[in-house]
Every structure is written in structure tokens, then in C-alpha cells.
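Worksheet: one structure, shown below.
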Amino acid sequence: MNGGTTIVVSLFLPYTIHFEHESPPPPRSSLPRRTQTQADRKDSSFDLSGQQLASLLSGAAKATPTPPRTPAATATTAEFFTQVQPSAATYFPRPNDPRTLVRSDSHIPEWSGSGLIFNQPSSTTDPGLQETILEDPSAAPAGRAGRNLVPRSRTHNSRDQSKDARWDKPWELVPSPQGNGGLNNAIRAAINTGCLKNVLTVGLIGFPTDKVPVEKRDEIHEKLESEHDVLPVFVSDKDYAGHYAGYCKTILWPVFHYQIPDHPKSKAYKDDSWKFYKNVNQAFANKVIDNYKREDIIWIHDYHLLLVPGMIRARLPDVQIGFFLHAAFPSSEVFRCLASRKELLEGMLGANLVAFQTHEYAHHFLQTCSRILSVEATEDGVQLENHFVNVWSLPIGVDPKDMAIERENPEVHEWIKSMQERYKGKRLIVARDKLDYIRGVRQKLLAFELFLNKYPEWKDKVVLIQVATSDQENAELEKGVNEILNRIDTQHSSLYHQPLVLLKQDISFSQYVALLTVADALMITSLREGMNLTCHEFILCQDGRASDKKYGPVILSEFTGSASIFEGNELAVNPWDYQNCCEAIKIALEMTEEEKERRYRRMRDVVMQHSASYWMKNLTAHLAKVHDEHYRRDMLSIPRLSYPKVKDEYEQSKTRLFILDYEGTLTSYGPAKDTVLTSPDRVIDALNSLILDNKNLVYVMSGCTMKEIERTLGTVSNLGLIAENGCCLRLPNSDEWIEFPDSEKTTKWKEAVKSILQYYLERVEGSSVQERHCSIIFHYQKTDDDGDDAAEASARRAGDCANHINDACQTQRVKAVPTKDSVIIEPVEYNKSTAATHIMKNLDMKNRPEFLMVVGNDRDDEVIFRWAKNLSESGEVKNVTTVSVGNRNTVAMTTLTQGTVGLLNILGRLAKRSA
């Protein structure tokens, strides 16, 4: 295992600052809105003071059964769960306990951040949008209507910073409710189990820092680093507001979740926050670079920091970098809507390993890179010009051990007893989501309304408790949700029963755990979500003591990452299909105990296996593996070809096999990479010299057709030929070609591909199609007279073409590979190693080579390099030499930087040794 430190980089640190002294009350507009229940609409005068609320909560667990409340009395529904004003305890029951779990799916209301919770300073900037990117914001006329989207300081002079009285009084570091709760839990679990030893976390402190005195910044930095092994990144309030509220939340988050910001009220088209996004990413990269030590591992997390891997790679070329995206990754059609799509992809590709929650998201990323960057994407990753980037998927999990400890908290047991008493005789469906356009709360409530209308026998027996943390940016959505709530209350509420409890505020962690424990079912209807760990925590909470085991079903949107790992044991639903969701509720409530337990056991096995520590351990191991592979394939790590060593092995061998690539290896490419290359006399002389020794068997492999390679090298007798990158083989002293692909199948896929290529021929000026025996090449090479825009448009069309063919012809075992000036369409099952394998199989034991040399220069040659390497490792061939000509990353054992001249020189010298 790596002996360095693991540097974990995410937007927010797991710690922030808590100011214990009283601060001025926040502006009224920033206070949370009290939950609107049925009583709010009928009797708005009913409310509870702080003392009354404390009395109610303290006596809830001990209260004797009381008559059912009337609708007017349900105003205490929200207060039953938590205080209206959130506090640190809402998110961290025991903020000074470093073992305390955070909620895996953190939904901190946007209006609060952590400022209202910990008495922290508010921002000095307005995270609004610039009125238009076409105008200078400083020249805008005073009083213009509309919010300003470029963050703008409220002070007239950035040097004029009034002193904040908070810093004159004591403060302390506490666990932060912001950021990625699942990641923080995973890191803690990995440390506890020994998977990680030295961890250094890099991120923001969690509140605006423009007014933090310089000496206090140094004090914060020293305390965080010495006590908690974390490094704070300080950015200006302007950069942070533009980065987070601007680019991340207005552009990236919606697009990554298939919500294209093109509706009339969206201001995304006016957005000028890209520069702030880059500034924050650069600040993070600089912090990591300044603190990096040799052998450190760098892990960068989530969509807030997509540019950081590339920024670090530019300064630290050999560093080990992993990137994990916790959110969903959209299909290429959606991602290409981003104006800065290339920069984002290139930033991510600065990592050695780019990892995702599910195989679907990884596939989308590979497809997007191929389409937008016109690079080759394989199942394992992306082949760039000089290096390979691995792409992988591994779902994050929760920590069962810490969750079990949390469930034993006495406060949790008190809440369990209180909730069981309050909802005695009722079937509870629970949910906790952020109230936005992505989590599907509206769709869920509509499905529940349909269920109550369609199955009236259940309306007095079931309660949906929906915790929906909200912000002030979704007023229209909240209005729609309230309309559904009003209809359900009007039609289905009674003096004795309220079927829908909608809490537009968060609940404490102990209440959250208790709610998951007493629930009869969980319902998640996200329209798109990276993972969703609430269902994992629900499963762990359902397996309690013998008296409260419920094995409640999980109704789960098929568009969440978790749905891909439960293997059908959840009740999968399409949130847009209200009838489907309605029936899932009915199935969940009427499911037999045996069926519940069967499904539950299988889901629990998945949760226990895909735990947080398992995720971190496997990610770390996989990154180390791919980084080692990249290091071994890097040109700086591969030794030069040693002629004395090759000479000795050559002379000691009785039988020898040479497989030599032609284009770019034995001879240089023409000025425009001509299809038929002119063969220099020196190449023919070198081949003839080798073949004169009857111990030598020589093959030349090419991408050319059979006729083209025969026309070029046909004068060399006893020379074996491999055409069309391994699809065709001609043995020495033979005029017959062996064609590996089935001609009937080839004809079939060619017809399908040519109909697709016709579309692109009509749209890419100067393009052409070259049909070979077993492959097709779509040429779109541009001349020097074409502008950059035309070349970029052609490359984009080529990427589209490759993806189109790969999707349409997948079942026909055909692949399309985009290159700089063409798209090569060829069979998946046949390559240069296919021909090489056939050569070895047809050699009798007497003629099996003791010496094997394979020489190539391009990505097509990597498969035969691997084939030769396997022969060496298995001992089937005693002396194996693989050579990559030129400067590129490769799996070949040696390199020859002198190019074709150097290769011909070595072959000539070996031939002379034979003579």
C-alpha cells in the first residue's frame, strides 16, 4: 500500500467554526418558513412558544394516550419532530463527538448554509446573475430591474472591511453539516478499519471569509491542520458566490441531472460565472500542489471541482490522482449543451482514474469523451494522445457499524417510543428529500394522492411523512406542492386522521433514525440522482431488535444509482408514471411478511457488502493499480531497446519470429498519411536480409488492404503479410489469403454502416468513405486552408458518427474509432493479435520460435504487444522483445525513439550477424 498521505479534496471541510456568543438575529427574509399544515390554513393563531415546545418534546415519550387531535390541533405536527429554528443539534446531535455520523444525503437548506446554525458571518456578496454578459456590469444604469448575477461586493471599497465582533470572543471547531456527508462517513469508516492511515482533507471552511482578519485565518489554518489534519482553502466571497450559487447550482447541477436550464425564467443563458468556477478550482489546485509530498495520493470529489485534476496534472505530471463524481453524469446529448464542455472533460481527464457511482454514468462519460473530444473510448477508459485514463464505477455505501452505534443512542429510543405511540395503528410511509425539481417530491405527492383516490379503503390507515427541506429559490414548486397538500387535506383528512404530513424543514439526526426505524415503507422518487443513501440507512434501521423488525419495502426511483445495485429487490418505479407509483404503494402495504423479509435480506446483503469502508478501500486499491500501469507504460519509464541484449538473444536462438508493423514503423507516413505508402528500397533490403536466414520467419502487418500491401511488398519472397489490422493473413510462400471475419456477416454490417455514413457525408464538406475488405474508413481530414471552426465542426461530426455507429451496430460486433482525421469502422473480434495467434497455432513444435520480436508504433499495435507479453510471462517463448517506435505511452517492453531509421539500422545489423 502507498506509504504517503491520502489528500481528499472536496468543496467543504468536515469541520467549521461555531461562535458560541449571541449574534444579531438574521434578516427576516432568511429565517425558515414555518411548515404550512392544515392548521396554518384554518387557524393561523395557533403556535407554540419555545417553553411550550420544550415541554411538549420532553413529555412526548411519557405521555398517556390522548383522544385524536382535531385538524386544528395538527399545528404541532411539525413541532413534534423538531424546533422551527434549526440549531447545530439538528444536524449534529453531539457536535463535539468526532465519531458522530452525519446524514449521508446532506440536505442543508440553501437559506441557512451553516450561518444560522453556528452564528457565522453572512456573505458580503450578492450571488445574483449579471443582467447580460454582453454588457459591462459596471456600466449598467442605476436602478435597473432584476438581480445581478455576477457576485458584487456590498462594500464600496474592498479594503473597507468593518471588524466582525465575533472574532473578539471565543470560537471552536465543530463538525460541519455542509458538504458530502456520505464521503465524510466513508473516510471515517476507512480510518477506523485501517483502510486509510494518513488522511489530509482540503476544502472550504463553510462560511464567507472576506472579513476574517489575516491573523485569524492563520490561527484557523494552524488549528485545523494540527488538530484535525485538514487544510482550509480561502477564496474571496465573490469567487465563491459565483462558483457555487452561479456556475455549480445554475449550470452544472441542473445539466448533470437532465434539467436543461432553458425555461423562460432561467437566467443560465446570461451566466458569466465560468471565470469564478475556474478561480475556485485553481485555488484548490494551488493548495494541493503547495502541500503535496512525494508518494501522496490525491482524491478529488464531485462536480464542484471538475477542473482540479487537470490543473494539478499540469504542475505535477507523475502524481497519483483519482476523481470521483458523486452526482449523476448525463448522456452526451445533454452534456454537450454546456458551453465549456471541452474544458470540463479535459479537467476530469487529468486524473489517472475517473470513477462514477454506476456503470451507466461511466458509459455516458466514455461516450461523451468520444463524441466531444474525438478520442478513442474503450470499456476500460479513454485513450488520449500520450496516455490512458481509466474509467470505473463503484457505488458508495454507508457505514453499518457506526449506524448501529447511533441507533443505540437513548435519544433515538425515546423518539421511537414517541412516534410509535403517536401513529399507533397507522402504516407509515416515510421520505426525506430536498424540495427541488430533481428529487421528485411533487411527483411523489401526486402518486400518493392518486393512491388515496383509487383505494379509499386505505385513506384512514396510512400516513405519508415527507420531510422536504426547502429554500427560497423554488417558490413555484413549493406553490404546486402546497396545492397538492390542500387537495389531499380537503378530500381525505378527518377529525381523526391526517394522511399527509409535510415538513418543510429538517429534523434532527436522532429523529431521522427513529423515523426510519418505525416506518413501514420508504418512498424515493428522484427524477435523477447519483446514488441516494437514505435507502441504505433505512435498510439498516429496519433490522432492529426482535420486537421492532419491520423489513419495510423500499419504493425506489429507477433513476437513482441505488436502483442499479439492489437487483430488483426494491420496488422500482418511474416517477413520471403516477399509476406505477400508486400501485407500488399498494404492493408495499399489502406485501406478505415472507416476501418483505426475502427482499429485505437481499437488499441488506448489498448494503453490508457495499459499505463505506469497502468503497474507499477498493477505490484506493484500483487507483494504485491503474497508476502503476500508467507508470509502467509511460515513455519515461520504459527502457530503450538494448541492441547488445537483443543481439545475444538473437544469436542464441535456433528459431526466430519477427512481426513488424509497416505504416509509421518500417517506413514513415507520407505528408497526408497516404493509404498506399511507397516502400523505400532500404526496407525491402532489410526484410530480404532477414528472410535469407532460414531460422527467421518474418511477417509485416498493415492497415492496408490485401491488394495494397501486396502491391507494396509483393516483391519480397517468403514474406508473411497481415492486412487490415489483423483481419486477413497470408502465410509465407502462399498466394492465398485467410480471411478471419465471416463474409456474410461483414456484408450485413457494412450495409448498415454505409447507410449511417451517408448522413454524415452529406453534412461534412470534403469527407469521403473508403471501403476495405473487412473495414470502412470515414475520412474527414481538413486542409490548411480550412478555418479552426470548420475543423472543429468536422471533428464534432466525426465524434457523433463514431457514437452513432457504436450504438447502432453494437450487436453486430463492430466498433468505430475516431482518429485525428478519420473514423475507422472495423470488427471488434479481429485485430493484429488474432493473426498472430493463428501464426503460432500453425507452427509445429519444431518450428516454435525461441526468439520473438514485435515492433509497432500505434494504438492498433497495443493488442499484439499484450499478446507477446503473455507469451513471455507464460514461458511459451523464451526470448520476447516488444518495441514501440516513437514517443507514446505503451505496454511494449522497450522503446526506440530514433524512429524508422533506428529500427532499420538494428534489423540490418541483426541480418549481418546471421550472414
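Scanning residues 5 or more positions from T16 or on other chains, those with amide H under 5 Å from its amide H are V174, S176, with H placed 1.01 Å from N in the peptide plane.
At an R0 of 30 angstrom, the distance between the Cβ atoms of E483 and D577 translates into a FRET efficiency of 0.90. Label-to-label distance, I289 versus A475, with points set 7 angstrom from Cα along the beta-carbon direction: 4.4 nm.
Rounded to whole numbers, the Karplus 3J(HN,Hα) couplings from phi for region 653-668 are 9, 8, 10, 9, 10, 10, 10, 10, 6, 9, 5, x, 10, 6, 9, 6 Hz, using 6.51 cos²θ - 1.76 cosθ + 1.60 with θ = phi - 60°, and x at Gly and Pro.
Excluding same-chain neighbours fewer than eight residues apart, the lysines reachable from K461 by a Cα-Cα span under 21 Å are K417, K424, K426, K444, K549, K550, K586, K596. Spin-label model, R315/N618: points 7 Å from Cα along the beta carbon direction are separated by 3.4 nm.
Take the alpha carbon gyration tensor of region 847-915, find the square roots of its eigenvalues, order them as a ≥ b ≥ c, and report rounded if a/c is under 1.5; if not, report prolate when a/b exceeds b/c, else oblate. Judged from the Cα gyration tensor, region 847-915 comes out oblate (a/c at least 1.5, b/c at or above a/b). Across region 885-897, coupling constants 3J(HN,Hα) worked out from phi with the 6.51/-1.76/1.60 Karplus curve, θ = phi - 60°, read 8, x, 10, 7, 6, 7, 9, 4, 6, 9, 10, 9, 7 Hz, and Gly and Pro carry x. Between V462 and R427, the built amide H atoms are under 5 Å apart, and every one of these is 5 or more places off in sequence or on another chain. Residues of region 801-834 falling in the label zone of E744, defined by backbone nitrogen less than 18 Å from a point 7 Å along Cα to beta-carbon, are 812-813.
At full extension, E873 and K846 could sit 7.6 nm farther apart than now, given 0.36 nm per residue minus the alpha carbon distance.
Shape of region 402-610 from its Cα gyration tensor (a ≥ b ≥ c, root eigenvalues): rounded if a/c is under 1.5, otherwise prolate when a/b > b/c, or oblate? It comes out rounded by the Cα gyration axes. Taken about its Cα centre, region 770-896 carries a charge dipole of roughly 740 debye when the Cβ of each Lys and Arg holds +1 and the Cβ of each Asp and Glu holds -1.
If you average the alpha carbon positions of region 433-484 and of region 502-521, how far apart do those two centres end up, in angstrom? Answer, in whole Å: 16.
Taking every DSSP beta bridge that has both ends in region 772-915, the antiparallel portion is near 50%.
For V214 and Y437, a Förster radius of 56 Å and the Cβ-Cβ distance give a FRET efficiency of 0.85, rounded to the nearest 0.05. Separation of region 684-720 and region 175-242, taken as the distance between their Cα centroids, equals 64 angstrom. Distances between placed amide hydrogens fall under 5 Å for E663 paired with G703, all partners being 5 or more residues away or on another chain. One decimal place: the segment L450-Q812 gains 125.9 nm when fully extended, by the rule 0.36 nm per residue minus the C-alpha distance. Take the Cα of E379, step 7 Å toward its Cβ, do the same at T592, and the gap between the two points is 4.0 nm.
Between region 607-659 and region 289-367, how many Å separate their Cα centres? First find each Cα centre; the distance between them is then 23 Å. For region 443-459, putting each phi into the Karplus relation 6.51 cos²θ - 1.76 cosθ + 1.60 with θ = phi - 60° gives couplings of 4, 5, 5, 5, 5, 5, 4, 4, 4, 5, 6, 7, 10, x, 5, 9, 5 Hz, in residue order, rounded to whole numbers and with x for Gly and Pro. Can you tell me the length gained on complete extension of the stretch T897 to D693, counting 0.36 nm per residue apart and subtracting the Cα distance? So the chain would gain 70.7 nm between T897 and D693.
Read-outs: derived from the displayed coordinates by stated rules, not from any lab. The structure presented is a predicted model; accordingly, all values stated were derived computationally and were not measured. Don't worry about glycine lacking a Cβ; one is built from the backbone with ideal geometry, like all the others, and counts go over all protein chains shown.
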